[in-house]
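Only one structure is covered here, and it is reproduced in the block below.
The numbers here are math on the coordinates, done by the rules we state, and not lab data. The shown structure was predicted, so the numbers you read here are calculated from the model rather than taken from an experiment. All Cβ positions, even for glycine, are placed from backbone atoms using ideal geometry, and neighbour counts span all protein chains on display.
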Amino acid sequence: MAMLNLVQQYRTLIQSAVWQDEALIAPLTPAEQEWLLCSDSLTAKLKAKCQQFEVELLSQNWQQDLAKSESAVLPADQSYLIREVFLHGDRQRWVFARTVIPQQLCRQFPQLMLLGAKPLGEFLFEQKLGRSGLQWSKSKNLSARRSLFYVQTGGETTIAKPSLGLLVTELFLKDFGYLHE
């Protein structure tokens with residue numbers, strides 16, 4: 001029960017976040033800029049900071065209705081696979097991550113439905129998906145970031161078809177001390 005309440009708190013926090021574009025960096029410390037605005041794989045960056053990296057799958061299910069902040073960047077007229085995980089470094093919960101994947105993209109990449117405790121970031125960067133600019137938010141002493149990953153065709157990102165994009169949101173938790181170094 002306590003875990004469900006904690007996850008619900010994190011979910012509410014990211015869904016009510018006020019998102020800022022990556023160009024607005026003045027309020028961020030250098031450490032926050034390094035982590036929140038890094039366009040490389042967060043999975044790889046986290047693995048480099050710990051001895052043991054793990055993904056804890058919290059939930060993965062289909063949903064029709066998106067949160068308002070998610071439907072602002074994704075089409076609301078389809079089903080989505082919602083995947084929520086904790087990313088652990090050295091047995092500490094470092095990141096709560098929520099990924100919203102359109103059904104159409106799951107058909108194109110069925111392995112997205114079978115990730116289990118495997119990191120999504122490894123898949124995204126292996127596929128060389130296009131990526132929108134990062135957005136960040138700070139609330140209740142926690143920092144978050146989000147971005148859209150797009151399927152690319154012929155070297156160009158298919159931004160004209162946002163249904164081919166998936167939204168990744170990552171909330172850095174209190175046990176992740178690197179934002180406050």
Nearest 10 degrees, 0 to 90: helix 2-15 Cα axis against the chain principal axis: 70
Choice from Val100, Val151, Val73 with maximal GNM fluctuation in the chain (Cα, 10 Å cutoff): Val73
Relative contact order, percent, segment 1-89 [alpha-carbon distance under 8 Å, six or more residues apart]: 31
Net charge, Ala67 excluded, C-beta distance under 15 Å - Lys, Arg +1, Asp, Glu -1: +2
Environment charge at Ile14 (Cβ cut-off 9 Å; Lys +1, Arg +1, Asp -1, Glu -1): +2
Full-stretch length increase - Ser41, Ser59 - with 0.36 nm per residue and alpha-carbon distance subtracted: 4.3 nm
Under 16 Å from the Cα of Lys45 - lysines, other chains or at least 8 residues apart: Lys118
For Phe123, net neighbour charge (Lys/Arg +1, Asp/Glu -1) across residues whose Cβ lies under 14 Å away: +2
Lys68 versus Glu126: modelled label distance in nm, points set 7 Å from Cα along the beta carbon direction: 3.9
About the Cα centre, charge dipole magnitude for segment 69-139 (Lys/Arg +1, Asp/Glu -1 at Cβ), debye: 140
Three-way shape call for segment 1-71 based on the alpha-carbon gyration tensor, with the a/c threshold at 1.5: oblate
Share of alpha-carbon pairs per 10 Å distance bin for the chain, given as whole %: 9, 39, 39, 12, 0
Pairwise FRET efficiency - Ala48 versus Thr12, Cβ, R0 = 25 Å, nearest 0.05: 0.25
Euclidean distance between Cα centres, segment 90-139 to segment 37-66, Å: 7
Using a Förster distance of 25 Å, the FRET efficiency for Ala2-Leu114 (Cβ separation, nearest 0.05): 0.30
Hz values of 3J(HN,Hα) by residue in segment 82-89 - Karplus curve (6.51, -1.76, 1.60), Gly and Pro given as x: 9, 10, 10, 9, 9, 9, 9, x
Most mobile of Phe53, Phe86, Phe149 in a GNM of the chain (Cα contacts under 10 Å): Phe53
